[in-house]
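Each remark here refers to the structure printed beneath this line.
Values quoted throughout were computed directly from the atomic coordinates according to the rules given, and no laboratory measurement underlies them. What you see is a predicted model, and the numbers here were worked out from it, not measured in a lab. Neighbour counts are summed over all protein chains in view; Cβ atoms, including those assigned to glycine, are modelled from backbone coordinates with ideal geometry.
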Amino acid sequence: MKKLNREKLAEPLFFFAYVVFMVATVLQTTMYTEMPYIPQLFIAMRYFAFVVAAFKVLLDLYGDLTKVNGQREKLLDWVSVVIKYVLMSALVVAVSITADERSLAFLLVILLAARGVQVNKIFRVTLWMQAFLAAFVFLSAAVGFIIDLRFERADVRRAAGGAQPAPLPADRRAPRPHGQHVPHRGRIRPQRREVAGAAPPLR
């Protein structure tokens, strides 16, 4: 692969893997997971992003190797980088297996694949993608494409398509229609009852 083609391919590869991983990870926290086959699709997307990001890491290492040109110092630097990658990967894999959490391995490969990519570009893509996904999930729940859960504690909150209450202002005066079931999630604080003539509780 020519040097120019390799350099042009590296950054798009990272952003492709990064965006696919972000979309799958964010939508896994929404009610889209209640739809048939969608959870399996998100898992497949994460693994696909992992493979693409790993290919980008190998592409970077290959690019560094082509710059050695028989120079001993550059070769030792390249070997040092490879050893660091291997040790970090082994450590993260061991922790992932122990904690039964694969996300650590995914994040490590995405992090290594970000080498050579401008941080400002990553921030910009992250901001736009997060805003787009938030609006997409909210509209999906608003039009009824996915379930819009309601959470009742001391107030009523809507999940806006998510699997947890959205950080939106609570509607404390919204009455529950008669006979309508409101799913309960999380800890529900017990309501204190005031008894006429009773002494106030000690604090």
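Side notes on the structure shown:
- Likely footprinting exposure, Asp148, Asp64, fewest C-beta neighbours within 10 Å first: Asp64, Asp148
- The ranking of Leu91, Leu133 by Cβ neighbour count inside 10 Å, starting from the fewest, reads Leu91, Leu133.
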